[in-house]
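What follows is a short report on a single structure.
What follows is calculated from the coordinates using simple rules that are stated; it is not laboratory data. This one's a predicted model, so the numbers in the text were calculated from it and none came from an experiment. In this analysis, Cβ positions are derived from the backbone assuming ideal geometry, glycine residues included, and neighbour counts consider all displayed protein chains.
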Amino acid sequence: MFQLGPAEWQAIEVTFKLCLYTTIILLLLATPLSWWLAQGRTQFRTVVQAIVALPLVLPPTVLGFYLLITLGPRGVVGQTLQDLGFQHLAFSFEGILIASVIYSMPFAVQPLTEAFRNLGRRPVEVASSLGAGAWDRFRTVIFPLSRGGFVVAATLTFAHTLGEFGVILMLGGSIPGETKVLSVLIYDHAEAMNYDAAHSLSLMLLIFAFVTLFVVYSINRRFEVAKL
Amino acid sequence: MTLYLQAHLRHGKDFELKVNHELPLEGVTALFGRSGCGKTTLLRIIAGLERPKGAVVRFGGQHWQRGRQFLPLHKRRIGLVFQEHSLLPHLSARENLLYGYQRTPPEQRRLHPDEVTAMLGIEHLLDRRIDQLSGGQRQRFSLGRALLISPQLLLLDEPMAALDTQTKREIMPFLARMAAESGVPIVMVSHSPDEVTRLADRVVFMQNGQIQNVETLREALARPDSPLFDDAGAASVLEGTLGEAGEDNARPFGPPEARLWLTSSALAAGMNRTRISILARDVSLSLVDPQHISIQNHLPVTIERIDPPRDNRCVVACRTADGQLLLAEITARAVQQLGLATGKQVYALIKSVALLA
């Protein structure tokens with residue numbers, strides 16, 4: 001049952017790359033954003049928080065559609081890129097990477113914001129008074145004290161990107177080696193009545209997803225950082 | 001050394017802070033007032049944790065905040081001690097203690113771990129985890145950690161408010177010792193008259209976000225209506241040197257011309273310069289030096305001021321032979337009967353004395 005052909009391996013590679021890059025980029029973006037969100041509750045912060053959470057409720061096709069008309073050859077971003085001598089981003093790995101970052105944003109931002117809120121301002125103020133600059137404070141106080149939040153954010157981002165389908169299909173299509181990720185490949189297999197192949201990949205994803213969530217919730221219980 | 005503060009800020013509708021003052025900084029300065037009067041906010045402005053627009057904070061000759069110029073807290077070299085314990089929970093007791101020391105350039109280090117741990121009595125606790133320390137021990141580590149950055153200024157935000165009475169009694173001597181021995185000016189937020197009379201040299205009275213007045217502790221205690229007096233009424237604080245105990249266990253306090261004898265068993269041997277507090281209602285006045293009386297402590301004093309009676313009781317301010325102020329609370333009737341008046345020489349009979357630090 002678990003016999004993977006070259007097409008499957010290629011899809012696994014694309015998927016893994018997409019998940020890894022998305023996770024790295026999102027952690028870099030979400031850390032300052034979540035820190036800022038955790039600092040208070042002004043109206044502007046609430047607006048930003050709502051925007052970040054949009055992918056949780058929107059149908060992926062809506063997000064994919066807007067990204068397609070923005071990043072595609074006629075979109076603002078796509079056209080500008082083409083004018084500068086680059087490729088537009090529809091149907092490319094870079095395109096679905098941008099889409100993944102936006103689509104998985106709430107899964108990185110929410111646990112981090114929660115972790116930073118729980119941390120409070122006291123430890124940071126203490127570290128400042130003891131002579132620690134911004135980067136020093138992050139490295140020696142903020143990160144170690146909200147490590148659980150980072151683990152949860154990274155794991156959920158990775159797992160959620162793995163489960164992307166609608167956005168990728170809308171924006172990236174199904175180009176082998178470029179945008180054909182596991183979920184799309186499973187769809188293709190099922191369409192082609194190739195149920196055995198679809199089954200083995202589906203089961204793989206199912207097990208992976210369960211293990212991931214199990215790990216997250218175990219960590220969650222230990223650190224009590226994020227309520228999801 | 002002075003600290004110049006000019007700030008105006010609002011938090012919501014109810015709170016407004018408006019100050020424009022230059023505070024002398026030697027010794028311990030207490031910011032005293034009810035909760036909500038703005039003393040903690042003022043402390044946070046000094047620390048640079050609040051940054052009101054247009055505020056000016058000048059420490060000695062150095063501007064910490066003026067216009068666009070703003071020195072962040074980690075460059076101000078301020079030791080901060082908060083109300084509740086604020087040790088970093090992921091570090092051991094030792095790592096907490098040394099966190100700031102390691103970040104202080106060696107040429108700026110004036111205090112070192114050995115002296116500080118000895119001063120605070122925490123040598124034997126260094127290898128403990130944070131959760132194995134009692135509240136008082138944690139607060140001592142917080143103090144030590146702040147001292148070890150060799151700060152130019154120590155800010156204490158109600159350092160004992162979260163401690164129970166027993167632990168307060170345990171911490172108080174360490175704080176007093178730290179204030180005396182470290183040579184670092186201290187600004188302390190407090191709403192407890194007890195803490196202020198024990199520790200402060202100067203009191204900044206705050207009310208409704210404004211500084212009412214700045215007085216030395218002595219001046220603050222010389223007023224019969226001082227906000228520093230709690231339910232027990234007016235009290236005076238005498239400063240003096242405590243001598244060695246004689247055969248009857250009594251220890252002399254103060255110079256021969258104004259000597260008191262203290263017999264408390266709580267006195268640790270070898271204590272020297274100290275403060276005692278005497279409630280005005282524990283002091284009686286006599287025109288002659290009475291011989292056959294159980295009260296042992298009689299001081300010749302000169303009446304300096306007699307305050308108008310309240311509830312038929314007058315507070316009489318007397319000057320001792322060594323120039324300190326002693327308050328006596330007696331009835332208006334007694335003032336009349338004895339013919340007490342400013343400048344008159346009388347004897348103060350002191351019934352009981354509380355040792356402060």
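Please give the FRET efficiency for residue A:218 paired with residue A:76, using the beta carbon to beta carbon distance and R0 = 30 Å, rounded to the nearest 0.05.
0.10
Test of understanding: what is the full-extension gain from residue B:92 to residue B:115, defined as 0.36 nm times their sequence separation minus their Cα-Cα distance?
Answer, rounded to one decimal: 6.3 nm.
At what distance in nm do the modelled label points of residue A:118 and residue B:68 sit from each other, each positioned 7 Å from its Cα along Cα→Cβ?
Taking the simple label geometry, residue A:118 and residue B:68 are separated by 4.1 nm.
FRET efficiency for residue A:69 and residue A:44, Cβ-Cβ distance as r, R0 = 30 Å, nearest 0.05?
Given R0 = 30 Å and the Cβ-Cβ separation, E is 0.65.
From other protein chains only, count the Cβ atoms within 10 Å of every residue's Cβ in A:186-198, then give the mean.
The shielding value for this peptide is 0.
Describe numerically, in nm with one decimal, the distance between label points set 7 Å from Cα along Cα→Cβ at residue B:248 and at residue B:273.
Going by the 7 Å Cα→Cβ label model, 3.0 nm.
Can you list which of the DSSP-assigned H helices in chain A have a Cα extent of 18 Å or more along the long axis and an average Kyte-Doolittle score of at least 1.0?
Result, helices passing both filters: A:6-38, A:43-57, A:147-162, A:195-223.
Cβ neighbours within 10 Å, averaged per peptide: list B:102-110, A:68-76, B:323-331 in order, most packed at the top.
For the peptides B:102-110, A:68-76, B:323-331, the packing ranking is B:323-331, A:68-76, B:102-110.
Can you give the helix-only mean residue ellipticity at 222 nm for the protein assembly as shown, where every DSSP H stretch with n ≥ 4 adds -39500 (n - 2.57) and the sum goes over all residues, rounded to the nearest 500 deg cm²/dmol?
That calculation yields -13000 deg cm²/dmol at 222 nm.
How big is the dipole moment of the protein assembly as shown about its Cα centre under a simple scheme where the beta carbon of each Lys and Arg is +1, that of each Asp and Glu is -1, and everything else is neutral? Debye, nearest 20, please.
1000 debye
Report, ordered by chain and residue number, the lysines lying within cross-link reach of residue A:17, taken as a straight Cα distance under 23 Å and ignoring same-chain residues fewer than 8 apart.
A:180
Given the peptides A:133-141, B:142-150, B:42-50, arrange them by the average over their residues of other C-beta atoms within 10 Å, most packed first.
Listed from highest to lowest mean packing, they are B:142-150, B:42-50, A:133-141.
Could you give the nm distance between label points at residue B:56 and residue A:28, where each point is 7 Å from its Cα heading toward the beta carbon?
4.5 nm
Take the residue pairs B:39/B:351; B:39/B:168; B:13/B:53 and return only those whose Cα atoms are more than 25 Å apart.
Pairs exceeding the cut-off: B:39/B:351.
Apply the Kirkwood formula to chain B: the hydrodynamic radius equals the inverse of the mean of 1/r over all pairs of different alpha-carbon atoms; give it in Å with one decimal.
22.3 Å
Check cross-link reach from residue B:344 to the lysines: straight Cα distance under 19 Å, and skip same-chain residues fewer than eight apart.
The reachable lysines, counting only those whose Cα sits under 19 Å from residue B:344, number zero.
Treat the protein assembly as shown as a sphere of radius equal to its Kirkwood radius over Cα pairs and apply Stokes-Einstein at 25 °C in a medium of 0.890 mPa s; give the translational diffusion coefficient in µm²/s, rounded to a whole number.
84 µm²/s
What's the average, rounded to a whole number, of partner chain beta-carbon atoms within 10 Å of each residue's beta-carbon in A:130-141?
Average per residue, whole number: 5.
Take peptide B:43-54, look around each residue's Cβ out to 10 angstrom, count Cβ atoms belonging to other protein chains, and average those counts.
Per-residue shielding by partner chains comes out at 1.
Order B:290-301, B:343-354 from most to least packed using the mean count of other Cβ atoms within 10 Å.
Going by the mean number of other Cβ atoms within 10 Å, highest first, we get B:343-354, B:290-301.
Tell me, what is the FRET efficiency for residue A:209 and residue A:147 to the nearest 0.05, using R0 = 22 angstrom and their Cβ-Cβ distance as r?
Efficiency, rounded to the nearest 0.05: 0.45.
Would you give the gap between the C-alpha center of region A:134-170 and the C-alpha center of region B:151-225, rounded to a whole Å?
Computed from Cα coordinates, the inter-centre distance equals 46 Å.
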